[in-house]
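Worksheet for the structure shown next.
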Amino acid sequence: MTPAATTFHTPHLVVHRRTTGEPPLVRHALIGVALVFLSLFLFLPLVFVFTQAFAKGIGYYFETLRDPNAWSAIKLTLLAAGISVPLNCVFGVCAAWAIAKFDFPGKNVLLTLIDLPFSVSPVIAGLIYVLVFGAQGWLGLYMNADNPHLPWLANWLNDHNFKIIFAVPGIVLATVFVTVPFVARELIPLMQAQGRSEEEAARVLGASGWQTFWRVTLPNIKWGLIYGVILCNARAMGEFGAVSVVSGKIRGQTNTIPLHIEALYDDYNFTGAFAVASLLAFLALITLGLKTWVEYKNAVQNKD
Amino acid sequence: MSVEVKNITKKFGSFTALDNVSLKVESGELVALLGPSGSGKTTLLRTIAGLEFPDNPGEAQVLFYGEDVTQIPASERKAGFAFQHYALFRHMSVFENIAFGLRVRPRSTRPPEADIRARVDKLLKLIQLEPMAKRFPSQLSGGQRQRVALARALAVEPKVLLLDEPFGALDAKVRKELRRWLRQLHDEIHVTTLFVTHDQEEALEVSDRVAILRAGKIEQIGTPEEIYDKPASPFVYDFLGNVNLFSGRVKDGAMVIGGAEFAAPDVAGEPDSEAVAFVRPHDIRVTRQPGGPALTAQVIRSNAAGPVANLELKRLDSGELFAVQLTKELFQELSPKPGEHVFVELKNVRIFGDDYSI
């Protein structure tokens, strides 16, 4: 196009030609519907959480959080997330590496298994753990003092009063289960898109497998990994269903933040419930902010 | 002193990429592996680098200057490899990309930091990218990236330099510049080099010798002149340039096409039979007055755009179409019009026995 020709098109006209050609009324209506929907169902509830949390003043807010049961729930949630996130981080990188960089029989089975926690209801996941590790379940057989299959194991477990269900290990297990896909699912498409050639280049240049991983693979997937970890963490801290089944809901012992919120709510302590809930809402906002930033960094790194 | 592969066979599923291939590259030589896609040239290169392993480990051998490296992994072979899409480390600067091969060495053999810097600076100078040292691969043009990939491969002082379609992803102008630069570079540093290409012009211009691959086998190997002037098979003949086929008869050691007899050294001593002659478009002379044996043809189309003029002609006796290339001067002298009849003389007529399939 000659410079002379462009002067005839005002920017306004150019914008119109490049859209799909819907009249302004339709576009404004669509945007309006989306905005109304989002404010009604997402933004208003969020505002409501915070107004309710501070309804009895800032003093009551912090009093609720300082309550020993609330503290215990916060600590337990941090512990469950602190164990399940690194565990799934390592597993996710291993699985994604295997799937993206190697061809092996059963690859699709592994992919399906990774997706399983997405397709199974968390309540079912919790029940599975109760059945496997509970007193009446598979592990229960080993702990049954009357007829133990492995007496030394039964003795050891009983001596140490080791329990999985209705105890912290069960909560950690359930959290690990529901958060398995997050890191792996994030990394697989990224690693597949990046291909194997940088790793091959590193190997030909004399790098060992370990050096290739630390110096080439990991820096390349860094932002994708962080993104997966953020989502994994948000889910680990917010998980309700699976944890609710295995926890037994013993206040001050096996309640996580979501379970503690439910307990407070059931006590008609609405302000208290919302005060604790505001922690999770904060987490959500921080997660969103981090997510946006990491998405940007990731796009910058992979733009070529 | 050479880099050598012997009896390499490699299959991917039911597809045979390499079928008992042997090749010897002399020290300091620049050899092109030329062939259509799927002919196995990249697989051969990757096998030499140690990125693929032959299916017949008992018989197959890869030798670097006499040392058997067949079972040695890529990381210990000391080959330099430049990938088709460069495979530069995207999170590292140009400097760190080139330094990578030195930095990953075990502490005992790793050069001191000052030496690494000196070597990388020297290579940056060699590839004429000194001001770009701090840039990232995404900030470079395709030609610049390819030069960085070459420098990175050279930094480890490889025993052999392997280049996979080094100019494949570049536009025509940059390709030409860069291949001239590669030839100069090779003349300077004399590292034994193998490079893969599907561009016959590139192979003929740059290399000392060309190996032509077809369906996992080496069809012919020789200097660019040898393979261009004495192609061993119709495939090689066709792959190296445009070709016209003339059906005719072998008679008394000459080729008879359309009633005219043309000299054909290939058929000396051959029994009389039907045959197909191969003639390049620029080996055909078009005249208005025959100066020797000639067949008659009709002008179908002419196109004088570009450095040479192209004619499409039709044999009057058989109706076969063929293409002719001639200089602008000859074209203007002749000024052929579509539909006109002209005389055609053939030079450098080649015949490949019974097997004239391409």
Among the residues in region B:11-27, are any outside any strand (DSSP E or B), touching a Leu at 6+ places or on another chain (Cβ under 6 Å) and more than 14 Å from every other protein chain (Cβ to nearest Cβ)? no
Can you find a residue that is in contact with a Gly (Cβ under 8 Å, 6 or more places away or on another chain), hydrophobic (A, V, I, L, M, F, W, C) and on the phi > 0 side of the Ramachandran plot anywhere in region B:245-264? no
Looking at this structure, is residue B:59 of a type in the set (Asp, Glu), touching a strand residue (DSSP E or B) at 6+ places or on another chain (Cβ under 9 Å) and either within 12 Å of another protein chain (Cβ to nearest Cβ) or farther than 30 Å from residue B:117 by Cα (or both)? yes
Just give me the residues in region B:128-153 being open to solvent by less than 20 Å² (accessible area, probe 1.4 Å), more than 11 Å from chain A (Cβ to nearest Cβ) and in a helix (DSSP H, G or I), in sequence order. B:143, B:146, B:148, B:150, B:151
Which listed residue, of A:234, A:193, A:201, A:242, is touching a residue at least 40 places away in the same chain (Cβ under 8 Å), within 30 Å of residue B:158 (Cα to Cα) and aliphatic (A, V, I, L, M): A:193
Of all residues being among the β-branched types (Val, Ile, Thr) and in contact with a Leu (Cβ under 9 Å, 6 or more places away or on another chain) in region B:326-358, which is modelled with the lowest pLDDT? Just the residue, please. B:358
Which listed residue, of B:169, B:203, is in a helix (DSSP H, G or I), among the small types (Gly, Ala, Ser), in contact (Cβ under 8 Å) with a residue 24 or more places away in the chain and open to solvent by less than 70 Å² (accessible area, probe 1.4 Å): B:203
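Conditions tested, residue by residue: (1) touching a residue at least 12 places away in the same chain (Cβ under 8 Å); (2) more than 27 Å from residue A:56 (Cα to Cα); (3) outside any loop (DSSP other than H, G, I, E, B).
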{"position": "A:225", "(1), (2), (3)": "yes, yes, yes"}
{"position": "A:249", "(1), (2), (3)": "yes, no, no"}
{"position": "A:271", "(1), (2), (3)": "yes, no, yes"}
{"position": "A:288", "(1), (2), (3)": "no, yes, yes"}
Only one of these conditions is not met by residue B:96: (1) more than 14 Å from chain A (Cβ to nearest Cβ); (2) not hydrophobic (A, V, I, L, M, F, W, C); (3) not in a loop (DSSP other than H, G, I, E, B). Which number is it? (1)
From the list B:163, B:124, which residue is more than 17 Å from residue A:206 (Cβ to Cβ), open to solvent by less than 10 Å² (accessible area, probe 1.4 Å) and without any contact (Cβ under 8 Å) to a residue 40 or more places away in the chain? B:124
Can you tell me how many residues within region A:99-122 are surrounded by fewer than 16 Cβ atoms within 10 Å (Cβ to Cβ), out of contact with any Lys or Arg (no Cβ under 6 Å at 6 or more places or on another chain) and either closer than 20 Å to residue A:200 by Cβ or not polar (S, T, N, Q) (or both)? 14
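The values are calculated or read from the model by the stated rules, or taken from the named source; none is laboratory data. A quick note: this is a predicted structure, and the numbers were derived from the prediction, not measured. Cβ sites come from the backbone with ideal geometry, for glycine too, and all protein chains shown count toward neighbours. These accessible areas exclude ligands, DNA and RNA; they are computed on the full protein's heavy atoms, side chains included. Shrake-Rupley method; radii C 1.70, N 1.55, O 1.52, S 1.80 Å.
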